[in-house]
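The values are calculated or read from the model by the stated rules, or taken from the named source; none is laboratory data. Predicted, not measured: the structure shown is a model, and the values here were computed from it. Cβ placement follows ideal geometry from the backbone for every residue including glycine, while neighbour counts extend to all protein chains displayed.
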Ligand SMILES: N=[N+]=NCCCCNC(=O)[C@@H]1[C@H]2[C@H](O)[C@@H](O)[C@H](O)[C@@H](CO)[C@@H]12
């Protein structure tokens, strides 16, 4: 492929603490809401948990050597809040902090840039018991936690992400209850979202006094297309676009929520004080984009609160998550960000696909569909770059097959297969493909 990727473009891979580390209570760590959720029967497929996951907590240094062999420029990982602050605030757990210091130092020794996510869904139970993200103090708890990490690792970590996918924290977490903490309530999501945005803004403000590098928010974005040109479907796709794509970014970039949100939530949508919306207004240094698919939307008046449903096109290729393979949507999303928010610096902080991979043969795992998915989406990103999008990096989700939340270990996104019997990491064809892409600075895609 003609190479539009600049030499300093950062090629990487992403993971998160609860999904790969295992040992959730080791060395003084406090339990998270995901530890509690996974241990609640019926919440996770097969009642699987992150107790072992990829055992990364005990294998981190070997895993960093694997990342170096793969050829990563950047590695995106998350910090488990409860390892560092077992009660979520107050006393620091030195052994937890030391784990992350060792990980960061190992990455730097291998010339891999650390990209640290402060919050990837694993709120300490101790804070959840004080109301969690519903508590108006939660932004201050988060800013204090962030400050602890900025002071401990800020000199060595060049990229910080405050919160991973506040939409997923809010909607599956508090509206439909699919993810921890599993609440199903119409009145909680608007407040949770507001506190998450205040938490992000407060952490960025603290970072501005302590750090000199880059900090941003990672959002899941999904272009919405009406299933038909009917006014009802057009309106439904506009509502879903506001709900998924503009809710958090408009608040950050413009200091206001999309007006559709008040229609969607009706009486459950509070009057937010103008002062707090002004506090939320905070562009950060970059936007992290998590892209997987698009939404094909049909009006469904009886489906509350959106009045819309997402269709699965009958003729589309689907991943095992049921998501349509739609690389054009990545180009569309990147151009939309350029045009709506005045061309902010962007990193694709997650892009990948779950497919049922075969067992290894002669130590190799063939995953041609994932190779095709990654190639198509890297090319889609290139198309946006060629149109002036300020795209600076791309991270595959995920480095390893790992704990896919409520799906357990049944959904595999990894470049490496992890043998559950002995934790052996085996590269898939997609790892070999991605190594070539990185070595050729994008040309091999
Ligand atoms: N309706 N609707 N839209 C649903 C949009 C949510 C899409 N799921 C994500 O973005 C999560 C992200 C997460 O960071 C990671 O921890 C997960 O392992 C991956 C894979 O699932 C993705």
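Exactly one residue out of 361, 310 is away from the ligand (no atom under 12 Å from the Cβ) and more than 18 Å from the chain's Cα centre (by Cα), and it is 361. Taken over segment 155-166, the criterion of being out of contact with any strand residue (DSSP E or B) (no Cβ under 6 Å at 6 or more places or on another chain) and more than 16 Å from the ligand (Cβ to nearest atom) is satisfied by 155, 156.
The set of residues in segment 370-417 that are within 16 Å of the ligand (Cβ to nearest atom), surrounded by fewer than 21 Cβ atoms within 10 Å (Cβ to Cβ) and over 18 Å from the mean Cα position of the chain (by Cα) contains only 410.
Can residue 221 be described as closer than 29 Å to residue 204 by Cβ and within 12 Å of the ligand (Cβ to nearest atom)? Considered against the rule, which asks whether it is closer than 29 Å to residue 204 by Cβ and within 12 Å of the ligand (Cβ to nearest atom), residue 221 comes out as yes. Among the conditions (1) within 16 Å of the ligand (Cβ to nearest atom); (2) under 21 Å from residue 63 (Cβ atoms), the only one that residue 425 does not satisfy is (1).
Can you confirm whether segment 223-233 contains a residue that is in a helix (DSSP H, G or I) and buried (at least 18 other Cβ atoms within 10 Å of the Cβ)? So far as segment 223-233 goes, yes, one or more of its residues are in a helix (DSSP H, G or I) and buried (at least 18 other Cβ atoms within 10 Å of the Cβ). Apart from one condition, residue 420 fits all of (1) out of contact with any helix residue (DSSP H, G or I) (no Cβ under 9 Å at 6 or more places or on another chain); (2) over 19 Å from residue 10 (Cα atoms); (3) away from the ligand (no atom under 15 Å from the Cβ); (4) at pLDDT 95 or above; the exception is (4). Is it the case, given these coordinates, that residue 203 is crowded, with 20+ Cβ neighbours inside 10 Å, part of a helix (DSSP H, G or I), touching a residue at least 60 places away in the same chain (Cβ under 8 Å) and under 18 Å from the mean Cα position of the chain (by Cα)? Answer is yes for this residue. Residues that are assigned to a loop (DSSP other than H, G, I, E, B), more than 16 Å from the ligand (Cβ to nearest atom) and touching a residue at least 12 places away in the same chain (Cβ under 8 Å) within segment 260-300 comprise 269, 270, 272, 281, 282, 283, 284, 285, listed in sequence order. If I filter segment 248-259 for residues that are over 30 Å from residue 136 (Cβ atoms), within 16 Å of the ligand (Cβ to nearest atom), touching a helix residue (DSSP H, G or I) at 6+ places or on another chain (Cβ under 6 Å) and modelled with pLDDT of 95 or more, do I get at least one hit? No, segment 248-259 contains no residue that is over 30 Å from residue 136 (Cβ atoms), within 16 Å of the ligand (Cβ to nearest atom), touching a helix residue (DSSP H, G or I) at 6+ places or on another chain (Cβ under 6 Å) and modelled with pLDDT of 95 or more.
You will find that of 24, 86, the residue that is away from the ligand (no atom under 16 Å from the Cβ) and in contact with a helix residue (DSSP H, G or I) (Cβ under 9 Å, 6 or more places away or on another chain) is 86 and no other.
Table: residues versus (1) surrounded by fewer than 23 Cβ atoms within 10 Å (Cβ to Cβ); (2) under 21 Å from residue 403 (Cα atoms); (3) away from the ligand (no atom under 16 Å from the Cβ); (4) at pLDDT 95 or above.
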position	(1), (2), (3), (4)
90	yes, no, yes, yes
94	yes, no, yes, yes
107	no, no, yes, yes
137	yes, no, yes, yes
153	yes, no, yes, yes
168	yes, yes, no, yes
180	no, yes, no, yes
188	yes, no, yes, yes
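Which ones in segment 349-362 are part of a strand (DSSP E or B) and either in contact with a strand residue (DSSP E or B) (Cβ under 6 Å, 6 or more places away or on another chain) or within 30 Å of residue 118 (Cβ to Cβ) (or both)? Residues satisfying the conditions are 349, 350, 351. Within segment 349-377, residues that are in contact (Cβ under 8 Å) with a residue 12 or more places away in the chain reach partners that are within 15 Å of the ligand (Cβ to nearest atom) and in a helix (DSSP H, G or I) with beta carbons closer than 6 Å, at six or more positions or on different chains, in the pairs 351/377; 353/370; 353/373; 355/370; 377/330. For segment 208-219, a residue qualifies if it is surrounded by fewer than 23 Cβ atoms within 10 Å (Cβ to Cβ) and either assigned to a helix (DSSP H, G or I) or out of contact with any helix residue (DSSP H, G or I) (no Cβ under 6 Å at 6 or more places or on another chain) (or both), and the qualifying residues are 208, 209, 210, 212, 213, 214.
Tallying residues that are in a loop (DSSP other than H, G, I, E, B) and in contact with a helix residue (DSSP H, G or I) (Cβ under 9 Å, 6 or more places away or on another chain) within segment 140-156 yields 2.
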